[in-house]
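**Student:** Encoded as structure tokens, here's the structure I'll be asking about.
Please treat every number below as a calculation from the coordinates, not as lab data. Model, not experiment: these values are computed from the prediction. As a convention, Cβ positions derive from the backbone with ideal geometry for all residues, glycine included, and neighbour counts pool all protein chains shown.
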Ligand SMILES: [Fe+2]
């Protein structure tokens, strides 16, 4: 559709907001893990926010599951995060990585067994005492609209305890937002779209997720 | 086979004998009739009103059954990183990537078309210097993708993927080939209306979205559970481009126009952040 001048004027003077364009599923054909990085929306090194060979590189990995507990091979995951000092990156170059610039954003596709993997850094706290987290958005075939969530780092238990969002989540679901740290430094974060262990998904102001009872 | 496809060799579907195709045969694929699916769509629409986004739980789209959250979404305000978006620019995207008809050694087959429009936020502010990505089937309804089993021809001169960066007024523009409808396995004799997939970023990461643009008057609209997962006609219309003769050019391309509105920005805008007001 076309937004006409009257609608635009009303939106700009604050009398009537524009209604957002609906989302749709990413479908099955957005790309896959190998071979076509230059002709599909997953791109070469999309999952490598830092070179995996870098001494500061942290592996962030997990599996995306459906409501039957089966892995989802056709999901696409994006992350967006602060750097290790808690600074929010505003550098271009995510799509053509130069190996030195940390852009804070990455895109990975789930593989045949539903597993995604990023090479990144541990985000620092954006304010003193704030629990550091990585923001995540999930797309998949069969999933009609995007889903947002957060991956909290598990270490700063005092900050996690004080975190406003975590405190507002039911205690038995809070753990779905906190990554596990493995012995080699790997962060593991599984995503359950549905079921017993369903991940807590975030709804920000301005978007509707219609529910039918 | 090398993964380093930097030569302009055109689309090739990998002959990979170890490829596990168990997930191609979607367990959600059914032999249900179109009548069954259409009746389910009608039932849901009859009891809905005024929705602006698709339902994540939309049973006529069989694959949605096990892939939607059933617990309540957690309402929250964005914080820190969520109030910002990654930055993209001309370092990321070459100007030629917005023209999907020049990626091969020759001209792709089909109807050459341009689609143009703006990316706006809920307050009518243009979203500037942001990444817009598209991907689509070719003029025969075939994707360059090994999971696409539709026996329609690939076009050696068409990959169906493009990128651009919005200009100062929020405009994007792609030159491409009009995609054809294609069959899928949701139910017996299921066909998707012709569409172009769009991926969008805003000024906050909470605005990140992926959607599909459709063409006016498509006879498949009423039959398609993906399009109909948006239960309100006014909302569905927001996904349909208009034919625009001012975008068509003499003896070269037909033209379509489509504006995209992202969910309102949650950031507190400062004087000077925008000249939209
Ligand atoms: Fe498609």
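**Student:** Pairs of alpha-carbon atoms within less than 8 angstrom and 6+ residues apart define the contacts here; what relative contact order does the stretch A:59-137 have, in percent?
**Tutor:** Here the relative contact order equals 42 percent.
**Student:** Another question about this same structure. Show me, bin by bin at 10 Å from 0, the whole-percent P(r) of chain A based on Cα pairs.
**Tutor:** 8, 30, 34, 21, 7, 0
**Student:** Quick check on the protein assembly as shown: helices-only [θ] at 222 nm, where DSSP H runs of length 4 and up contribute -39,500 (n - 2.57) each and the sum goes over total residues. Nearest 500, please. Write out the running numbers ahead of the final one.
**Tutor:** Values: 6 runs with 41 residues, N = 490.
Result for the protein assembly as shown, helices only: -2000 deg cm²/dmol.
**Student:** Ignore the peptide's own chain and count Cβ atoms of other chains within 10 Å of each Cβ in B:221-227; give me the average, rounded.
**Tutor:** Details: counts 0, 0, 0, 0, 1, 4, 2.
The per-residue average across the peptide is 1.
**Student:** Now for a different question. Just the number: Rg to Rh for the protein assembly as shown, Cα atoms, Kirkwood Rh, two decimals. Let's see the in-between values first.
**Tutor:** Details: Rg = 21.6 Å, Rh = 23.0 Å.
Here Rg/Rh amounts to 0.94.
**Student:** A further question on this structure: When B:98, B:38 are ordered from fewest to most other Cβ atoms inside 10 Å of their Cβ, what list results?
**Tutor:** Values: B:98 20, B:38 17.
Least to most surrounded, the residues fall as B:38, B:98.
**Student:** Taking the Cβ of each residue in A:65, B:257, B:243 as the centre, tally the other Cβ atoms inside 10 Å and list the residues starting with the fewest. The partial results should precede the final answer.
**Tutor:** Details: A:65 23, B:257 18, B:243 14.
With the sparsest Cβ surroundings first, the list reads B:243, B:257, A:65.
**Student:** Normalised radius of gyration for chain B, please: alpha carbon Rg relative to 2.2 N^0.38 Å, two decimal places.
**Tutor:** Values: Rg = 20.0 Å, N = 277, 2.2 N^0.38 = 18.6 Å.
Its radius of gyration relative to the 2.2 N^0.38 Å reference: 1.07.
**Student:** What list do you get for B:178, B:42 if you sort them by fewest beta carbons within 10 Å?
**Tutor:** Details: B:178 19, B:42 12.
In order of increasing Cβ crowding within 10 Å: B:42, B:178.
**Student:** With each label point set 7 Å from Cα along the Cα-Cβ vector, what nm distance links residue A:98 and residue B:107?
**Tutor:** Each label point is offset 7 Å from its Cα along the Cβ direction, giving 4.0 nm.
**Student:** Can you compute the modelled spin-label distance between residue A:53 and residue B:243, with each label point 7 Å from Cα toward Cβ, in nm?
**Tutor:** Output for this residue pair reads 5.6 nm.
**Student:** Using Cα springs under 10 Å in a Gaussian network model of chain A, which residue among A:101, A:109, A:21 shows the largest mean-square fluctuation?
**Tutor:** Ranking A:101, A:109, A:21 by mean-square fluctuation puts A:21 first.
**Student:** Kindly give Rg over Rh for the stretch B:131-187, based on alpha-carbon atoms, with the Kirkwood expression for the hydrodynamic radius.
**Tutor:** Values: Rg = 13.7 Å, Rh = 12.8 Å.
Across the stretch B:131-187, the Cα-based Rg/Rh ratio is 1.07.
**Student:** Here is a follow-up. Residue B:46 to residue B:234: FRET efficiency via 1/(1 + (r/R0)^6), r the Cβ-Cβ distance, R0 22 Å, to the nearest 0.05? Please report the intermediate quantities before stating the final value.
**Tutor:** Values: r = 16 Å, r/R0 = 0.75.
Plugging the Cβ-Cβ distance into 1/(1 + (r/R0)^6) gives 0.85.
**Student:** Can you list, largest first and rounded to whole Å, the semi-axes you get for the stretch B:50-209 by taking the square root of 5 times each eigenvalue of its Cα gyration tensor? Could you put the intermediate results ahead of the total?
**Tutor:** On the way: eigenvalues 167, 133, 32 Å².
Taking √(5λ) for each Cα gyration eigenvalue gives 29, 26, 13 Å.
**Student:** Same structure, new question: Can you give the convex hull volume per residue for the Cα atoms of the stretch B:169-267, as a whole number of Å³? Working shown, then result.
**Tutor:** Working: hull volume 13.2 nm³, N = 99.
Cα-based convex hull of the stretch B:169-267, divided per residue, equals 134 Å³.
**Student:** Ok, one more. Between the stretch B:204-251 and the stretch A:4-19, what's the alpha-carbon centroid distance in Å?
**Tutor:** Each part reduced to its Cα centre gives a spacing of 21 Å.
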